[in-house]
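Below is one structure; the comments refer to it alone.
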Amino acid sequence: MQYPDMPTSRRFDLIAFDWDGTLFDSTALIARCIQEAVRDVGGAVPSDRDASYVIGMGLMQALAHAAPDVPVERYPELGARYRHHYIAHKHDISLFEGILEMLTELKTRQHWLAVATGKTRQGLDDALHSSQLKGMFDGSRTVDETAGKPHPRMLLELMSEFGVDPGRTLMIGDTTHDLQMAANAGCPSVAVSYGAHEPEAFHVLQPLYIAHSVRQLHDWLLVNA
């Protein structure tokens, strides 16, 4: 894929975003749905912290981690109960304030924008169809198409698609799974602390920056991306 005309000062050609907890204010809802699903099948309900920790993983991987006492043969039921609770409330979530403006400005600066998410393809397409972000992203990868985080396959495929080197690719996410995926792919990363994971866990993975708000993220990207 050929690059459009681009500013010579740009540091990153491709910027990949996690979805839940990074762009969408969905962390609390997802954690609550995980807890309700585990309760429905009779497992020990995980704490808010434990339920939030698995956000960003593939669904079955996340539920298995959050509910280790639930037998493997009940995972399909567990997944079905999660989807039941999530679908019932999916319209309750929205973009974090300032995300649309930030992405629009990045597009005007001619960065390629992508999504690397633990959602399924159907889940991401449904969200994109119903959100203001339709047409905003140049590419995306989902967990059912590639491999779950922190495996680097999502980022490796996106870099290959756009012909971008790891050093010219930036991953932005709210979990250690996102940052570890970036490290595994050889890419720099930026963390946001307003999502699923506590910022104290980010430092060992050496993100370039930890943003504590969308405004901070926006400002950092304008200067450094």
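Below is a table of values for the structure above.
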read-out	value
Scope region 119-172; condition at pLDDT below 95, among the small types (Gly, Ala, Ser) and over 20 Å from THR108 (Cα atoms); matching residues	GLY123, ALA127, SER130, ALA147, GLY148
The listed residue being in a loop (DSSP other than H, G, I, E, B) and in contact with a strand residue (DSSP E or B) (Cβ under 9 Å, 6 or more places away or on another chain), out of LEU208, LEU170	LEU208
Residue that is surrounded by 16 or more Cβ atoms within 10 Å (Cβ to Cβ), touching a helix residue (DSSP H, G or I) at 6+ places or on another chain (Cβ under 9 Å) and either of a type in the set (A, V, I, L, M) or outside the structural domain of ALA211 (by TED's automatic domain parsing) (or both), where the choices are GLU36, GLU77	GLU36
Qualifying residue in region 146-160 (condition: assigned to a helix (DSSP H, G or I), outside the structural domain of ARG49 (by TED's automatic domain parsing) and under 19 Å from TRP220 (Cβ atoms))	no
Qualifying residue in region 141-159 (condition: small (Gly, Ala, Ser) and either surrounded by fewer than 15 Cβ atoms within 10 Å (Cβ to Cβ) or touching an Asp or Glu at 6+ places or on another chain (Cβ under 9 Å) (or both))	no
Selection within region 185-201 - modelled with pLDDT of 95 or more and under 16 Å from the mean Cα position of the chain (by Cα)	ALA185, CYS187, PRO188, SER189, VAL190, ALA191, VAL192
Check on LEU63, out of contact with any Pro (no Cβ under 7 Å at 6 or more places or on another chain), closer than 23 Å to HIS212 by Cα and in contact (Cβ under 8 Å) with a residue 12 or more places away in the chain	no
Residue match in region 83-98 (condition: in contact with a Cys (Cβ under 6 Å, 6 or more places away or on another chain) and touching a residue at least 40 places away in the same chain (Cβ under 8 Å))	yes
Residue satisfying condition, being surrounded by 14 or more Cβ atoms within 10 Å (Cβ to Cβ), part of a loop (DSSP other than H, G, I, E, B) and either assigned by TED's automatic domain parsing to the domain that holds LYS149 or at positive phi (or both), within set LEU133, LEU124	LEU133
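The values are calculated or read from the model by the stated rules, or taken from the named source; none is laboratory data. Model, not experiment: these values are computed from the prediction. Positions of Cβ are generated from backbone atoms using ideal geometry, with glycine treated the same way; all protein chains shown enter the neighbour counts.
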